[in-house]
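*Asks:* There's a structure below that I have some questions on.
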Amino acid sequence: MNWRIYAMSMRQNRKGFAIWMVVIAALVVLGMAFYPPISESIGQMTTLFENPMMKSLIGLFMVGPEALGSLTGFYITYASIYVILMGGIFATLSAVGDVAGEFRDHTAEFIFTKPVKRSSILISKWLAIETRIFILCIVLCITTLFSFMLFSKTAPYEYYAKEDALETVSNAVQQRPQVLSEVFELNADFFEGWVMAQVETQLEENKAAVEEIDLSPDEMRAMLEALLQDSDTYFEEVLKNPDQLMDQFGIAPAGREAFLKSVEKERISYEAMMKRYENDPDFHLEMFLSAPDYFLKKIRTGDRLKTMQGAYPEATDALAKLIAPYSARRIALLHFYMFLFMSVMNSLGVFLSAIMRRPKGVMATTMGLVLALYFFSTVSRISTETAKFAVVSPFGLIDQNITGAVYQLSPLNVILLIAEAVILLGVSINILNTRNI
């Protein structure tokens, strides 16, 4: 590390850095300004999102009614296309301009032949760019939070899982379960949604058992929807003609009587559960404790949140932690990911500068490579089978799912990003040490 070279690199392209910072920050604010009108017209866009061909295309950019309807979902959809890509381009071009620029301007003969180790020169320049990246990420984080505060008035509230806060709310609900029916609209649709949420959880937790059944998850959900729409007709049809269902569940003909008894038992149990749902606060409590996130995700407005806090005043602070238009903590974590990602792109720019013999072609090559890495990561998300290949690109190592109930740093992704940055820098130093200037 050489402080003079570091200071010199920091002074270089100060105006360019300021312009980049203003442009990217402006992209955040201007992009978020589109949120209010788009969120208001989500209902009109539903038909577009239901088109099978469009689903695959818009899935590349994580676009969808739910994503665009929430403040964080809209930001991620927008940021993944513009802000993150622009950040990657900035970091890589900054490194290329600082390192390859020495060869382009024919100053390499002077700086790399001084009595200073080449590794020290390269590390100094890399750290200078890291400083700019750090400043940029801080500015972007503050700008994003400002934009969220500015446009959060029209945004629906989101549920953010926190175990300690959830425990406080659950304890309060157990004291007065009868209030649940006052806070939430416990109608037939609410019950159907709760049952579907339970089934989704069971399917996720018992993947091995589900794979043995001759039914796809979509077919099982369709079967459940038929049951919820008209339970009497559904059970009657199964009892009259159980053979098809028996085949799908792999039940032999010899088990027909036992299967019919099981169906009849489930019918009685389901009818009893429906009666309890209509007027039994204890059952409402059981529903809440089995899937509290399903209830809390229904609190989509500030008025509903105030109603819940008024019903359970001892859980006011806990509810505020669980339910909000956005999470500042998640925004900060996302920008930490961006800092690590841009560090990799910084090292990539240094690497390209070290290996390319013709400085004039470095800029074009750099832009092409960054765009290729971005689109590779984007296309990889087209399906669950190809999503695992997204991590091949540094773009794919940024966990952008800040809209999920749980969001935290992935140790593996953090380690991979740091390792890529260090390895690329180390290889660049080794190449430059053996290169004839």
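The values are calculated or read from the model by the stated rules, or taken from the named source; none is laboratory data. From a predicted model like this one, the values you see are computed outputs, not experimental measurements. Neighbour counts run over all protein chains shown; Cβ positions are idealised from the backbone, glycine included. Note: areas computed on protein heavy atoms with side chains; ligands, DNA, RNA excluded. Shrake-Rupley method; radii C 1.70, N 1.55, O 1.52, S 1.80 Å.
*Asks:* Does segment 80-89 contain any residue that is open to solvent by 40 Å² or more (accessible area, probe 1.4 Å) and at pLDDT 80 or above?
*Replies:* Checked segment 80-89: at least one residue is open to solvent by 40 Å² or more (accessible area, probe 1.4 Å) and at pLDDT 80 or above.
*Asks:* Assigned to a helix (DSSP H, G or I), closer than 30 Å to V179 by Cβ and not polar (S, T, N, Q): which single residue out of E237, E271 fits that description?
*Replies:* That would be E271, the only listed residue that is assigned to a helix (DSSP H, G or I), closer than 30 Å to V179 by Cβ and not polar (S, T, N, Q).
*Asks:* Continuing with the same structure: Suppose we keep only residues that are touching a residue at least 60 places away in the same chain (Cβ under 8 Å) and part of a helix (DSSP H, G or I) within segment 424-437. Which one would you say is nearest to S393 (Cα to Cα)?
*Replies:* Restricting to residues being touching a residue at least 60 places away in the same chain (Cβ under 8 Å) and part of a helix (DSSP H, G or I), the top hit is L424.
*Asks:* Of everything in segment 244-261, what is modelled with pLDDT under 85 and either of a type outside the set (A, V, I, L, M) or touching a Pro at 6+ places or on another chain (Cβ under 9 Å) (or both)? Give them in sequence order.
*Replies:* Answer for segment 244-261, where residues must be modelled with pLDDT under 85 and either of a type outside the set (A, V, I, L, M) or touching a Pro at 6+ places or on another chain (Cβ under 9 Å) (or both): Q244, M246, D247, Q248, F249, G250, I251, P253, G255, R256, F259.
*Asks:* Within segment 421-437, how many residues are of a type outside the set (K, R) and at pLDDT below 85?
*Replies:* The qualifying residues number 5.
*Asks:* I'd like the full set of residues that are closer than 15 Å to K125 by Cα, more than 29 Å from the chain's Cα centre (by Cα) and in a helix (DSSP H, G or I), limited to segment 1-43.
*Replies:* W3, R4, I5, Y6, A7, M8, S9, M10, R11, R14
*Asks:* Within segment 412-419, is even one residue modelled with pLDDT under 80, under 19 Å from the mean Cα position of the chain (by Cα) and outside any loop (DSSP other than H, G, I, E, B)?
*Replies:* no
*Asks:* Which condition does E271 not pass, out of (1) of a type in the set (D, E); (2) open to solvent by 80 Å² or more (accessible area, probe 1.4 Å); (3) touching a residue at least 40 places away in the same chain (Cβ under 8 Å), if it passes all the others?
*Replies:* (2)
*Asks:* If you scan segment 307-335, which residues turn out to be out of contact with any Leu (no Cβ under 7 Å at 6 or more places or on another chain) and not aliphatic (A, V, I, L, M)?
*Replies:* Within segment 307-335, T307, G310, Y312, P313, E314, T316, D317, K321, S327, R329, R330 qualify.
*Asks:* Only residues in segment 292-314 that are free of Cβ contacts under 8 Å to residues at least 60 places away in the same chain count as the first member; pair them with residues that are of a type outside the set (F, W, Y) and open to solvent by less than 60 Å² (accessible area, probe 1.4 Å), Cβ under 6 angstrom, at least 6 apart or cross-chain, and list the lot.
*Replies:* Q309/T316; Q309/L319
*Asks:* From K321, K298, K306, which residue is of a type in the set (K, R) and assigned to a loop (DSSP other than H, G, I, E, B)?
*Replies:* Within the list K321, K298, K306, the selection yields K298.
*Asks:* Of everything in segment 274-305, what is among the charged types (D, E, K, R) and within 28 Å of the chain's Cα centre (by Cα)? Give them in sequence order.
*Replies:* D293, K297, K298, R300, D303, R304
*Asks:* From the list V344, V362, pick out the single residue that is under 30 Å from A128 (Cα atoms), in contact with a Ser or Thr (Cβ under 9 Å, 6 or more places away or on another chain) and buried (at least 19 other Cβ atoms within 10 Å of the Cβ).
*Replies:* Matching residue, one of V344, V362: V362.
*Asks:* From the list E286, E264, E212, exactly one residue is at pLDDT below 85 and either open to solvent by 40 Å² or more (accessible area, probe 1.4 Å) or closer than 29 Å to L319 by Cβ (or both). Which is it?
*Replies:* E212
*Asks:* Then there's this: Scan A128, A165 and give me the residue that is of a type in the set (A, V, I, L, M), open to solvent by less than 50 Å² (accessible area, probe 1.4 Å) and under 16 Å from R329 (Cβ atoms).
*Replies:* One residue alone meets the criteria, A165.
*Asks:* Could you go through segment 298-310 and let me know if any residue there is within 22 Å of L224 (Cα to Cα) and open to solvent by 40 Å² or more (accessible area, probe 1.4 Å).
*Replies:* Yes, because at least one residue in segment 298-310 is within 22 Å of L224 (Cα to Cα) and open to solvent by 40 Å² or more (accessible area, probe 1.4 Å).
*Asks:* Evaluate the following for I251: is it more than 32 Å from the chain's Cα centre (by Cα), free of Cβ contacts under 8 Å to residues at least 24 places away in the same chain, at negative phi and in a loop (DSSP other than H, G, I, E, B)?
*Replies:* Considered against the rule, which asks whether it is more than 32 Å from the chain's Cα centre (by Cα), free of Cβ contacts under 8 Å to residues at least 24 places away in the same chain, at negative phi and in a loop (DSSP other than H, G, I, E, B), I251 comes out as yes.
*Asks:* Against the definition (open to solvent by 10 Å² or more (accessible area, probe 1.4 Å) and at pLDDT below 85), how does G101 come out, yes or no?
*Replies:* So G101 fails the test.
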